[in-house]
1. Do any helices (runs of 4 or more DSSP H) entirely within region 47-148 hold 2 or more residues that are closer than 29 Å to residue 6 by Cβ, over 16 Å from the mean Cα position of the chain (by Cα) and free of Cβ contacts under 8 Å to residues at least 60 places away in the same chain, and if so, which?
2. State whether the residues of region 184-202 include one that is in a loop (DSSP other than H, G, I, E, B) and at pLDDT below 95.
């Protein structure tokens, strides 16, 4: 989903840079207000884990491959504001050091993954928690939130590519979303597995809102 340079027009790049910068600035302020002893080391560990996990690709279909986005994992463990900062930091390192995603397209990539991906995952998880509050649905809530975050983020990337004149929306949208519907399954499985493992081994790392049934 990392958009390289040359695929995003100047107008789209400018708009997404401004939107992403605004959300990151707000996220930094919110995180400073809410920062606790639990949050600081967990943010660092989460950034390192997501960075490493994104380096591992898995085959999807037709020669395409996918990798973990990590938006749902970060949002559920850290909350949306801190999670957004973590994904932004990962994307900046990838773009500036490893040339994975373009510098001009960095605003779009941050917007798609650290803003759209994070907030779709967060709102989806919260909605499912109200509908399925029992802790036995913990894995299912995480899976659906992760899957949908990938699909909607890919749709946002499709819109940016279409607005930039790279490909007609009727071509790029079904192509991108179709592939990421499959990638999202892998995302959901990995996210669910990691969160279930954390719940079983280090439940204290999970924030109270991550569990149903009113449990901390």
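The values are calculated or read from the model by the stated rules, or taken from the named source; none is laboratory data. All values reported here derive from a predicted model rather than from experimental measurement. For neighbour counting, all protein chains shown are included, and Cβ atoms are generated from backbone atoms with ideal geometry for every residue, glycine included.
1. Qualifying helices (runs of 4 or more DSSP H): 80-98.
2. Taking region 184-202 and keeping what is in a loop (DSSP other than H, G, I, E, B), we get 202.
This time we only want the ones that are at pLDDT below 95, so: 202.
Yes, that holds for at least one residue.
Residue-by-condition table, conditions (1) surrounded by 17 or more Cβ atoms within 10 Å (Cβ to Cβ); (2) on the phi > 0 side of the Ramachandran plot; (3) without any contact (Cβ under 8 Å) to a residue 24 or more places away in the chain:
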{"site": "168", "(1), (2), (3)": "no, no, yes"}
{"site": "173", "(1), (2), (3)": "yes, no, yes"}
{"site": "179", "(1), (2), (3)": "yes, no, no"}
{"site": "187", "(1), (2), (3)": "yes, no, no"}
{"site": "190", "(1), (2), (3)": "yes, no, no"}
{"site": "202", "(1), (2), (3)": "no, no, yes"}
